[in-house]
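The values are calculated or read from the model by the stated rules, or taken from the named source; none is laboratory data. Because the structure is predicted, anything quoted here is derived from the model rather than measured. Cβ: placed from backbone, ideal geometry, glycine included. Neighbour counts: every protein chain shown. Each accessible area value is taken on the protein alone, full model and side chains, heavy atoms only, with ligands, DNA and RNA left out. Shrake-Rupley method; radii C 1.70, N 1.55, O 1.52, S 1.80 Å.
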Amino acid sequence: MKTALLFFGQLRWIDNPYTSSSFKEFIVNKYDTDVFGNFWIPEKTEMLSHSGHTDSPPSPSDPDAPEKIQKQYDFTSIRFDEPMDFPFKEQLL
């Protein structure tokens, strides 16, 4: 069976071994899988912010995250962009 696996957003906790091993065990190695990625990588920052709809504190940023994710998966296509801000209107919160 042909499947597609899409990763997107900010690269957080890239060193967690359970994440990549789970995706590989249950999807990538089990099916004919194309892996895609579209990640937000800030040019200069030590902490990654969260969306305005969450109270979570910022996460640590890893400057080596792009290289690490590319070593973990054989991407069909991968893209890195600057983060974008999508502010919520107060009445939506």
Residue, least open to solvent (accessible area, probe 1.4 Å), within region 3-28, restricted to residues that are in a strand (DSSP E or B), touching a Ser or Thr at 6+ places or on another chain (Cβ under 8 Å) and not small (Gly, Ala, Ser): LEU5
Every residue from region 4-44 that is of a type in the set (Asp, Glu) and free of Cβ contacts under 8 Å to residues at least 24 places away in the same chain: GLU25
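Identify the residue in region 25-47 that is at pLDDT below 90 and within 27 Å of ALA4 (Cα to Cα) and, among all such residues, is nearest to the chain's Cα centre (by Cα). Give the steps one after another, and end with the answer.
Kept after step one, since they are at pLDDT below 90, are these residues of region 25-47: 40-47.
Still in the running and within 27 Å of ALA4 (Cα to Cα): 40-42.
Details: TRP40: 8, ILE41: 9, PRO42: 13 Å.
Of everything passing the filter in region 25-47, TRP40 is nearest to the chain's Cα centre (by Cα).
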